[in-house]
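**Student:** Have a look at this one before I ask anything.
Readers should treat all values here as calculations from the given coordinates under stated rules, not as data from a laboratory. None of these values were measured; they are calculated from a predicted model. So basically every Cβ, Gly included, is an ideal-geometry build from the backbone, and we count neighbours across all protein chains shown.
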Ligand SMILES: [Ca+2]
Ligand SMILES: [Ca+2]
């Protein structure tokens, strides 16, 4: 960054006050105009001179030999026309001819001559600022780097302070007409000299531009933010928001931007509660002016209000979708319902992204993310599997017929019971819809669940799975088992 001291001759606040008055007038216009009216309001502001350069009298001074170009680098913030160059000069006892110039920058070195001033002869005893009027050229571009150049044909003192590296360039050239381009090979110093340019900024005729037009909801009755990002070549000033959200078109009063996105841009963010009726076309428009009161508009934007939610009907099913599962815990985000006798868990007023999870006997058997944008019915295919398991007597000879095989999610107590089944004539028990986990299989030696003849765990991992056989080796000798088939069936072994 160059060390730059910019003096503002007009305070931006003055523009704001003026804009507020204008806003009142403009608002009345808007109330009278229909939303379809085309309008343009142009107000000319007198362009006040501005400066760029170093307007401070430097603490140090140095005698500058004649016939040497002395250039100091600055950035001009706005486009405009240079009026003059002002330098702090102190007499060294000579009366040199002096003039100034502006050079464009090329890679941190002065290059093309942009403009130059009248010539003046230093008077004896001079010690102060001297303004040289531009007599040729002087067109300036916003945010461009320029070199302000002092040139004399004999000694005088100049004032300076320490500056940025390479901010000052000196080059010996015999005093004459300004060279164009600036001769190469000059020396560099980290100094900033007391020299500045006074210029008249160009009138701003460019209207603001817009982007990022957005609304953050369409739900009827919801609080909605209407957003537009406005940008300008100079700066944005304020905006007017209009909408038919209430049923009739209404333009609000002009609002000055108070928080800026950057030095030339700001968001017009307006919050409204949307019309509570579904399927209403809500139209809206934003108008924005810049600090020179150039206007632009988004034109008519619109959204259509949507229902606040939808029906969400979930049916808990087993892995092959053949059985509906009742008694499962169905989570819709943190909200939970128990699936009914036909496996259903139903909600209303649902919208947006939903996380669904199903828990069955303490085990997660489904996890699904969905986006609800209309009435939705889903069958949840859960990890619930049908399995077969063979039950063998203690001697592993023959089979057990009508043995009670009961499956628990943990210890063998009634509250943990998932399913129960009796073995068939081949010694197999068929158990439906077990969660895919390690479960407890308990085989009882009587209908009252009083005598345990086997208690093992088996892992259920897939549908139609045949688990490893269970050998009933507990309390077996003590039990009178009426259903044991002692006939040895070779084909079953
Ligand atoms: Ca503008
Ligand atoms: Ca099944």
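**Student:** Please arrange 83, 318, 279, 180 by how many other C-beta atoms lie within 10 Å of their C-beta, fewest to most.
**Tutor:** Going from least to most buried by this count: 279, 180, 83, 318.
**Student:** Using only the alpha carbons of the chain, what is the convex hull's orientation-averaged projected area in square nanometres? Numbers along the way, then the final one.
**Tutor:** Details: hull surface 163.1 nm².
Value for the chain: 40.8 nm².
**Student:** Quick check on the exposure proxy: order 92, 379 from fewest to most C-beta atoms within 10 angstrom.
**Tutor:** The fewest-first ordering by Cβ neighbours comes to 379, 92.
**Student:** Another question, then. How tilted is helix 12-32 with respect to the longest principal axis of the chain? Cα atoms for both, answer in degrees (0 to 90, nearest 10).
**Tutor:** Roughly 60 degrees, rounded to the nearest 10.
**Student:** Turning to a different aspect of this structure: Beyond 17 Å, what share of the Cα-Cα pairs of segment 143-229 remains, rounded to the nearest whole percent?
**Tutor:** 70 percent
**Student:** Next up: Just how far, in whole angstrom, is segment 450-473 from segment 196-245 if you go by their alpha carbon centroids?
**Tutor:** Here the two parts' Cα centres lie 71 Å apart.
**Student:** So, R0 is 30 Å and r is the distance between the beta-carbons of residue 271 and residue 375; what FRET efficiency does that work out to, to 0.05?
**Tutor:** Working from the Cβ atoms, E equals 0.50.
**Student:** Another question, then. Bin by bin, in steps of 10 Å, what percent of the Cα pairs in segment 310-381 do you find, going until the bin that has the longest distance?
**Tutor:** 22, 59, 19, 0
**Student:** For the residues 122, 219, what sequence is obtained by ranking on other C-beta atoms within 10 Å, fewest first?
**Tutor:** Least crowded to most crowded, the residues run 219, 122.
**Student:** Given the -39500 (n - 2.57) contribution per DSSP H run of 4+ residues, what per-residue ellipticity at 222 nm results for the chain, rounded to the nearest 500 deg cm²/dmol?
**Tutor:** Value at 222 nm, helices only: -1500 deg cm²/dmol.
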